[in-house]
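Have a look at the structure below, then the notes.
The values are calculated or read from the model by the stated rules, or taken from the named source; none is laboratory data. Source: prediction; values computed, not measured. Quick reminder, even Gly has a Cβ in these numbers, built from the backbone with ideal geometry, and neighbours come from all protein chains shown. Just the protein is used for accessible areas: all its heavy atoms, side chains included, with ligands, DNA and RNA removed. Shrake-Rupley method; radii C 1.70, N 1.55, O 1.52, S 1.80 Å.
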Amino acid sequence: MIFKENRYMLFVVFYVLKEEFMSVATDELIRKAENTHCLSKEEIVKLLALPDEICPSLFAAADRVRALHAGNDVHLRGLIEFSNYCKNNCCYCGIRRDNNKLRRYRMMPETIIASARKAAECGYKTVVLQSGEDAFYTIERLQQIIREIKKYNLAVTLSIGEKSFDEYKAYKEAGADRYLLRIETTDKELYHRLDPGMSWDNRKRCLDDLKKLGYETGSGFMVGLPAQSLASLAEDILFLKRLDVDMAGIGPFIPHPDTPLKDVEGKAFFLSLKTTAVTRLLLPDINIPATTAMEALHPQGRIMALQCGANVIMPNVTDLERCRLYKLYPGKPLPSFSIEEGRKETEALVRSIGRRVGAGYGFRSKKNQ
Ligand code: 5AD
């Protein structure tokens, strides 16, 4: 009996010591990331695998790094989703070519320009023009749209997919400042399975071209894709660091009912927060949006992301009807009644966590204002 009790005590002591040792090792790892902004793939995996109760110290470190290197301003970008036509057929995406349940729309150049003007009047300093890959918008049409929008003293971000070097160059010459193109995953095998007919190498070529042309370049990936490991996510973060991106968009994969991935379990909310935090620790001065997909999975999703390393919000300034049709995944939060109201609500949200809305263009902090 006494022997049995001793054995039990020994087990408890061993367990407590092991937990203590793990927590010291984790604190050490977080400190290393906070101070050096460098971690190996294995170290990143350890952070991504942290149990929920340890995460607050990871999130707090990411928040400190964000404050120190990117400041307290939250930059707002007005998002205009101008066409949901897409020639691609990505298995995860609701606006994929083969989704014939979706009603398609395309905004005319004058309407896009009017939306940008409205966003400028409401105080936005940047508009993001996003669409599926839609050949209706020829180089000339897009150049014209960009030139007109630049007259409102807005920074222009494009998020319109894979193009040739010359096309990217034409948009840059017309005045585009930034470009967003997520790599989606750095696991090439997974990429080719999920993005049939597309080439990972071409996507990487696009990102290289954008950097060469002097765009502020944003990339990013989804978290919780089928068969995506923590090691693969660690590779994704290291890819962003190697590329020295200026912006990183990270969001949970959310299965869409009208896509081939409809039955996949995809609720990686917490893992997305951890991934955001580690990305901030490794890329201290970049812009990181609190993505809409975070809000789709959790009512406080965007606020939580802002407190785990994010410093940008992209309120939707597309009208309600079109916004509904630009449905990449279910549960997308819809914009407020009007752009003015949406702006006010977002400003209040930012203030509620003791942060400020940025008054400048919000370029990567080194070059800010
Ligand atoms: N869940 C989450 N994010 C998605 N995206 C596309 N489909 C989904 C989905 N089902 C993301 C992709 C794309 C960005 C515009 O939206 O990462 O690059």
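What to note about this one:
- Separation between Cα centres of region 124-166 and region 42-77, rounded to whole Å: 32 Å
- Over the chain, Cα pairs under 8 Å with separation of 6+ residues give a relative contact order of 23 percent.
- Approximate spin-label separation CYS38-LYS262, in nm, with each point projected 7 Å along Cα-to-Cβ: 4.9 nm
- Estimated FRET transfer efficiency when R0 is 30 angstrom, pair GLU110-LEU213 (beta carbons, to 0.05): 0.60
- Accessible surface of region 72-119, 1.4 Å probe, proportion on carbon and sulfur as whole %: 47 percent
- Cross-link partners of LYS46 among lysines, defined as those whose alpha carbon lies under 21 angstrom from its own and excluding same-chain residues fewer than eight positions apart: LYS18, LYS32, LYS241, LYS267, LYS274.
- With pairing defined as another cysteine C-beta under 4.7 Å, the cysteines of the chain that fail it are CYS38, CYS55, CYS86, CYS91, CYS122, CYS206, CYS308, CYS323.
- Only helices enter the 222 nm calculation for the chain: every DSSP H run of n ≥ 4 contributes -39,500 (n - 2.57), and dividing by all residues gives -15000 deg cm²/dmol, rounded to 500.
- Area of CYS38 that stays accessible when all protein chains are in place (1.4 Å probe, Å², to 10): 70 Å²
- Most to least accessible of LYS327, LYS267 (protein chains only, probe 1.4 Å): LYS267, LYS327
- In nm, spacing of pseudo-spin labels at GLU345 and ARG64 (7 Å Cα→C-beta vector): 3.5 nm
- Degrees separating the helix 230-243 axis from the principal Cα axis of the chain, which is the longest one: 50 degrees
- Near SER336, the amide H atoms lying under 5 Å from its own belong to GLY342; only residues 5 or more places off or on other chains count, and H is placed 1.01 Å from N.
- Note on LEU334/ALA231: beta-carbon distance plugged into 1/(1 + (r/R0)^6) with R0 of 45 Å gives a FRET efficiency of 0.80.
- Among the protein heavy atoms, those of HIS192 account for about 80 Å² of accessible surface (1.4 Å probe, every chain in place).
- Accessible area of the chain divided out per residue, in Å², using a probe of 1.4 angstrom: 45 Å²
- Residue of THR292, THR138, THR259 that the Gaussian network model of the chain assigns the largest fluctuation, springs spanning Cα pairs under 10 Å: THR138
- Sequence-distant aspartates and glutamates (8 or more away, or on other chains) whose Cα lies within less than 15 Å of LYS101: ASP258
- C-alpha long axis of helix 269-282 to longest principal axis of the chain, angle in °: 90 degrees
- SER159 contributes an accessible area of around 20 Å² to the protein surface, as traced by a 1.4 Å probe with all chains present.
- Amide H within-cut-off set for ALA268, under 5 Å, with H built and near neighbours excluded: PHE253
- Measuring nothing but protein heavy atoms, the accessible surface of region 156-291 at 1.4 Å probe radius is 52 percent carbon and sulfur.
- In a fully extended conformation the segment linking ASP166 and ARG356 would gain 64.6 nm over its present Cα-Cα distance, using 0.36 nm per residue.
- In degrees, nearest ten, helix 139-150 long axis to first principal axis of the chain (Cα): 80 degrees
- Distant-in-sequence amide H partners of ALA155 (H built 1.01 Å from N, under 5 Å): THR126, VAL127
- Spacing of the two label points (7 Å from each Cα toward its C-beta) at GLU53 and ARG324, in nm: 4.6 nm
- FRET E, pair VAL24, GLU189, Förster distance 56 Å, beta-carbon r, rounded to 0.05: 0.90
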